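Taken together, the values in this text are just the output of simple stated rules run on the coordinates, not laboratory data. These numbers come from a predicted model, not from an experiment. Please note: Cβ atoms are built from the backbone with ideal geometry, for glycine as well, and neighbour counts cover all protein chains shown.
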Amino acid sequence: MQSLRKITVSVALVFSVFAMPSEGALTAEQTEDTKSFLISIKKTLYPSWDTSAEDYCTWPGVTCDPNTGYATVDLSGKGLSGYAPDANSNNIMIESLDLSGNSGIIGAFKDNWAAMKVLKHLKLSGTGFTRDIPSGWNGMTALVSVDVSNTKACYSLPSWSGLQNLESIDVSNNKLDGAFGGNGWESNPKLTSVNIAGNNFCGCAPTAWKDSAVLSQAVTAGGYSFGPNGCKQCGKPTCPGNGSSITSTSTVAAVSVLAAVVTLLL
């Protein structure tokens, strides 16, 4: 009888352990905000995506880490089209987002995606994203790799500094034809791979990059120069999409506001 009681208690303990949530389980708010962002992708980019199941971890292209609950989203080459959704919450627990190979995705890169604080891998290559690559993505403190190659990115390199986990940057084969930019890239301690080839930067590469073997190699491989010779003269960069010459996204916004004020005064 005593042995039977021990067995019963042991079985109960086993079931109680399996019933306990993992240490890294998401809060209700994190789960809801992550799901809302994924539903926004369905609404704006992928209307045929089957999201009928309550648990988004079972949706096609979505997997979740059993320990942390963080989601990996792979929708590469799915024929997505339209404008990407905003990310207006710090509770979006996506650690990898792959939208590559979807040329129908259009519109400006989303500066507010910096809210995704656990995002490690971002793949947007082969999409139609345009305008500046956001310097605001410097807020993605967990970022390990970012690939925005073969898009319609324009103007200059973003200022990204002090990203302790960043290892790989690929901005190759874009429309970057403004001044180099790239302030602070030399301060990302784990950077091991950088590809900036296939662009048309003007001016000279940042002097601070000379002390980084990875960045120096990227400059050489891209056919650019630290100067004083071999640096292209700067003109007005042209951003693809509407063909207008711009200096930055913020400049475009300022011009629009000024035009509206002038219209009201006339």
- So the FRET efficiency between residue 53 and residue 159, C-beta based with R0 = 35 Å and rounded to 0.05, is 0.30
- Share of antiparallel DSSP beta bridges in segment 28-222, in percent to the nearest 5? 10 percent
- Message: Apply the a/c threshold of 1.5 to the C-alpha gyration tensor of segment 28-222 and tell me whether it is rounded, prolate or oblate.
- Response: prolate
- Message: Modelling each spin label as a point 7 Å along the Cα-to-Cβ direction, I'd like the residue 210/residue 88 distance in nm, to one decimal.
- Response: 4.7 nm
- Query: What full-extension length gain, to one decimal in nm, is calculated for residue 40 and residue 183 as 0.36 nm per residue of separation minus the Cα-Cα distance?
  - Reply: 48.2 nm
- Message: Once each part is reduced to its C-alpha centroid, what is the distance from segment 98-114 to segment 144-172 in angstrom?
- Response: 13 Å
- Message: Using a Cα-Cα cut-off of under 20 Å, which lysines could be cross-linked to residue 190, ignoring same-chain neighbours fewer than 8 residues away?
- Response: 117, 120, 123, 210
